[in-house]
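Here's the structure we're looking at; comments come further down.
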Amino acid sequence: MNMVKIMMAGAMAMLLSACATGPRVYTDADPAADFSRYRTFAFYESAGKSDEKYATLHGQRIEDAVSAALEARGYSVDINTPDILINYHLKTEEKTRTSPPVYYGGYYGYRSGMYVGWPGYVEPGYVDNYTEGTISVDLVDRRTDQMIWEGTAVGRIDSEFRNNPDLGVRKAVAAIFGKYPYVAGSSVPVMPAAQ
């Protein structure tokens, strides 16, 4: 059972960075949070875990990528009394997308006549089975135990991600933090807040 969850988490992480255009990213922030108070961070001991009592490979990849993103913004690790505690969640889901066949032909009003397409001109429908992955990162004020910011990346897991999960996770987390507008010790956004 745990191996299935690990494999699913891996697939999810792969999905996020696999899309050529990148994953879809959504963020939300507590409008009352004073981001100038935050300079240090640490991860919850149970970050990314559900039933497992150990860190997964994808969990470690996410922690490394989140740490790099925050350190690049001036935050530092403090495992004793951090300002921010971080949790993350991984999820994969098998999806199916379908399209019905399209038959060309019919009435064209601008020609005032009936035109029928070639009887063999049909665009076939399709069924697309794929794996969709989601990574969510939560930033929580340690003193108040309130979430102050969250970012979520959703994307398709493809073979590129499966072949290089380290790069895939880094890209997905980078996409999430590409919409994080603050640097350590400042409540003034360095970029417009994205939703």
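The values are calculated or read from the model by the stated rules, or taken from the named source; none is laboratory data. Source: prediction; values computed, not measured. Cβ placement follows ideal geometry from the backbone for every residue including glycine, while neighbour counts extend to all protein chains displayed.
Overview of results
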{"read-out": "Some residue of region 174-182 being of a type in the set (D, E, K, R), at pLDDT 80 or above, touching a helix residue (DSSP H, G or I) at 6+ places or on another chain (Cβ under 6 Å) and surrounded by 14 or more Cβ atoms within 10 Å (Cβ to Cβ)", "value": "no"}
{"read-out": "Unmet requirement for D34, which otherwise passes all of (1) modelled with pLDDT of 80 or more; (2) crowded, with 19+ Cβ neighbours inside 10 Å", "value": "(2)"}
{"read-out": "Test: residue in region 2-16 that is modelled with pLDDT under 65, under 19 Å from the mean Cα position of the chain (by Cα) and exposed (fewer than 14 other Cβ atoms within 10 Å of the Cβ)", "value": "yes"}
{"read-out": "Breaking point among (1) more than 30 Å from S36 (Cβ to Cβ); (2) modelled with pLDDT of 80 or more; (3) touching a Ser or Thr at 6+ places or on another chain (Cβ under 6 Å), for T131", "value": "(2)"}
{"read-out": "Qualifying residue in region 151-164 (condition: closer than 23 Å to L57 by Cβ, part of a strand (DSSP E or B), modelled with pLDDT under 80 and not hydrophobic (A, V, I, L, M, F, W, C))", "value": "no"}
{"read-out": "Hits in region 56-100 - residues which are among the charged types (D, E, K, R), surrounded by fewer than 18 Cβ atoms within 10 Å (Cβ to Cβ) and in a loop (DSSP other than H, G, I, E, B)", "value": "R73, D78"}
{"read-out": "Qualifying residue in region 94-106 (condition: within 24 Å of the chain's Cα centre (by Cα), under 18 Å from F43 (Cβ atoms) and either modelled with pLDDT of 85 or more or charged (D, E, K, R) (or both))", "value": "no"}
